[in-house]
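These notes concern the structure reproduced below.
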Amino acid sequence: MDLIRHSAREQLDALNRGEVSSRELTTAHLDRITSHPEYNAVVTLGAEAALAAAAAADEQRARGRTTALLGLPITLKDALETEGLRTTCGSAELSEHVPGRDADAVARMRAAGAVILGKTNTPPLCQGIQTSNELFGTTPNPHDPHRTTGGSSGGSAAAVAAGLSPLDIGSDLAGSLRLPGHYCGVYSLRPTFGVVPNRGHIPRPPGWLTTSDMLCIGPLGRSAADLALALGVLAGPAPHDSTAWRLELPPPRHERLADYRIGFWADDSFCPVDAATRALLEELERTLRNTGVRISDSAPPVDMASSDRLFRSLMLAGSAASAPPQAYAAEVEASRKLSPGDESPGAQYLRDRTMSHRDWLQANEERRRLQDRWAAYFGDVDVLITPAAPTAAVPDQTDVPVSERYITVDGRRRGYWEQTTWLNLAGLVHLPAATVPLGRTREGLPLGVQLIGPHLGDRTVVKVAGLLGELRDAQTVVPA
C-alpha cells in the first residue's frame, strides 16, 4: 500500500475521506514492520490490540463520530509507559515491565483516536546518542546501516523514515528527538518545556511522578504538518492542573516566509561544523534573502561554550535523582576526595552529579538569566536557524567503548558528545526547537538544520519548518 509512505496528515485525510479503513491501514503497517526486520526499529508489537482499536475506530467513523487522530496508526518510544504493552526503555531490568497505566502523553494520543502499533527502540534508560541495547540490539540508520540513527529516540526516527510508522512520539533532553530526526531525515519537534506533561516517562523509574527539568515529549513525522497535528493533541496542562488552567499556544507570528525575521548562527569555534553543513547554511541563507526574508544581523544571544557547560552541569545533577543509593553515596565520597585544582572531565562529572542544592539553585539562577537574554533576542528575531549537528549521521560505534568513541569532522577527530552541542542551546533554556530535513550530502545522507523559537513559540517554529520544507520541495537548497 503506497499510502503508508505518505505523511501522517495525508494518511489521516485519506481515512477521513473514506479512501481507506483504519483496519486496512493498520494491517499494512503491521505487515511492513514484520516483513522488514532489518530496520529493528519497532521492538515490541501490539498487533492484536492495534487491530482491535482500528476496528473500533472504523465503527466510530461509520456512526459519524470522529476525533483528531481517529484510526491513525502510530508508534511510541519505548520510554513512554503504555498500559498493557511492555515498556522496557531498553533496560534489561525492565524487560518484563508491563505498565498498568498510560503515560499522560500516551493517554492523550489514545483519547484522540490514535492506534498504537508498538514501541520503538532506545538505548538503555535513554542514556545514549546512538540506539542499541542488550534486549533488542542495534537500530541502524535506514539510509545507511553502517551509520547510527542517533539517540535516544533513534528507533522512533528510524520507524518514521523507513515507512514503519507515519508518526512517533519520543522524548528529548539532550537532543534525543532532534539528533535522530536530523540523522534519519525526518521532522522533529522539541516543544517548549512544560507544554506536554511528562508523567509516565522512563527514566525516572516506573511510578515516579516527576522527570528531569529539561525533558520534553514531542513528535517525529514526515512533514511539519505532522508535527502540528501531534502538537495539537499533546499540548496542554497535566491532568492535576487541568481544572485550574488551560493552554492556548499563540498562532504563528506570520503566514508568509517573506514576513519573518530570521537569525542565522551558522558556525561557532566552540563546535565547528563540516564543509557540507556550512555549505547548506550558506546556501539556505542566500535562498532566503532571494525570497525576500529579512535576515537578522543580531549577534547570537549567548556564548556557546558557557551555555553548553551549564547545560551539562544541570543535566548531570538531574540524572542523579534516581541513582541507586549505594552508587550515589560512592560518588559523593569520591567527590569529597577530589583535589580543588582537579579540572579533569571525570572530576567535573563527579562535582556536577553531587552538587549541593545551593549550587543547583545558583546554576538555575544563571539559566534564568540566559532565558532573559534569549527572550530579548526573540524580540527582534522570529526564529533562529542553526546547524542540528556538526555533520550528517556518523558511523555506528556500538562495539566501541563509550570512552573511546569520537566523531570525525572534515578529517579531524572530535569529541563524541559534540554531536549534541548545537541542540543543547535550546534544551538548557526550555525553548521550542525543531529539525528540518533540507537535502542530502554527496554520500546520500540526510542533512538538515535546527530551528529555535521563542518561549511558547511552538507554532511559529512548526510554521517556519513547513515553509522551509516547501522551499526545499520547490528548489534544491543543498549544493550538489
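Some observations on this one:
Here's the yes/no breakdown for (1) closer than 20 Å to Arg367 by Cβ; (2) small (Gly, Ala, Ser); (3) free of Cβ contacts under 8 Å to residues at least 40 places away in the same chain:
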residue	(1), (2), (3)
Gly411	no, yes, yes
Ile452	yes, no, no
Leu456	yes, no, no
Val464	no, no, no
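- Inspection of the stretch 52-60 finds no residue satisfying the criterion of being out of contact with any His (no Cβ under 6 Å at 6 or more places or on another chain) and outside any helix (DSSP H, G or I).
- Yes/no for Arg253 being farther than 30 Å from Arg5 by Cβ and either buried (at least 22 other Cβ atoms within 10 Å of the Cβ) or among the basic types (Lys, Arg) (or both): yes
- Subset of the stretch 163-215 [surrounded by 24 or more Cβ atoms within 10 Å (Cβ to Cβ), part of a loop (DSSP other than H, G, I, E, B) and small (Gly, Ala, Ser)]: Ser165, Ala174, Gly175, Ser176, Gly185, Gly200
- Some residue of the stretch 44-65 being open to solvent by less than 40 Å² (accessible area, probe 1.4 Å), among the charged types (D, E, K, R) and under 29 Å from Gly151 (Cα atoms): no
- Ala8 vs. criteria within 20 Å of Ala159 (Cα to Cα) and among the aliphatic types (A, V, I, L, M): yes
- Leu316 vs. criteria without any contact (Cβ under 8 Å) to a residue 60 or more places away in the chain and surrounded by 16 or more Cβ atoms within 10 Å (Cβ to Cβ): yes
- Members of the stretch 262-309 found to be in contact (Cβ under 8 Å) with a residue 40 or more places away in the chain and β-branched (Val, Ile, Thr), listed by number: Ile262, Val273, Thr277, Thr287, Thr291, Val302
- Ala388 meets the stated requirement of being at negative phi, in contact with a helix residue (DSSP H, G or I) (Cβ under 6 Å, 6 or more places away or on another chain) and surrounded by 15 or more Cβ atoms within 10 Å (Cβ to Cβ).
- Residue tally, condition part of a loop (DSSP other than H, G, I, E, B) and surrounded by fewer than 24 Cβ atoms within 10 Å (Cβ to Cβ), over the stretch 395-437: 10
- For the stretch 110-139, filtered to residues that are farther than 17 Å from Gly84 by Cα and not in a loop (DSSP other than H, G, I, E, B), the residue that is nearest to the chain's Cα centre (by Cα) is Cys126.
- The lone criterion from (1) surrounded by fewer than 24 Cβ atoms within 10 Å (Cβ to Cβ); (2) closer than 22 Å to Val381 by Cβ; (3) of a type in the set (S, T, N, Q) left unmet by Thr243 is number (2).
- Of the residues making up the stretch 72-115, those that are surrounded by fewer than 22 Cβ atoms within 10 Å (Cβ to Cβ) and of a type in the set (Val, Ile, Thr) number 1.
- Pair list, Cβ under 9 Å, 6 or more apart: the stretch 331-358 residue within 20 Å of Val402 (Cα to Cα) and open to solvent by less than 40 Å² (accessible area, probe 1.4 Å), other residue in a loop (DSSP other than H, G, I, E, B) and of a type in the set (Ser, Thr, Tyr): Glu331/Thr354; Ala347/Ser339
- Arg351 being closer than 30 Å to His182 by Cα and of a type outside the set (Asp, Glu): no
- Of all residues in the stretch 356-380, those that are out of contact with any helix residue (DSSP H, G or I) (no Cβ under 6 Å at 6 or more places or on another chain), in a helix (DSSP H, G or I) and among the aromatic types (Phe, Trp, Tyr) total 2.
The values are calculated or read from the model by the stated rules, or taken from the named source; none is laboratory data. On a predicted model such as this, the values are computed, not experimentally measured, just so you know. Don't worry about glycine lacking a Cβ; one is built from the backbone with ideal geometry, like all the others, and counts go over all protein chains shown. Just so you know, the surface numbers come from the protein's heavy atoms only, side chains and all, with ligands and any DNA or RNA stripped out. Shrake-Rupley method; radii C 1.70, N 1.55, O 1.52, S 1.80 Å.
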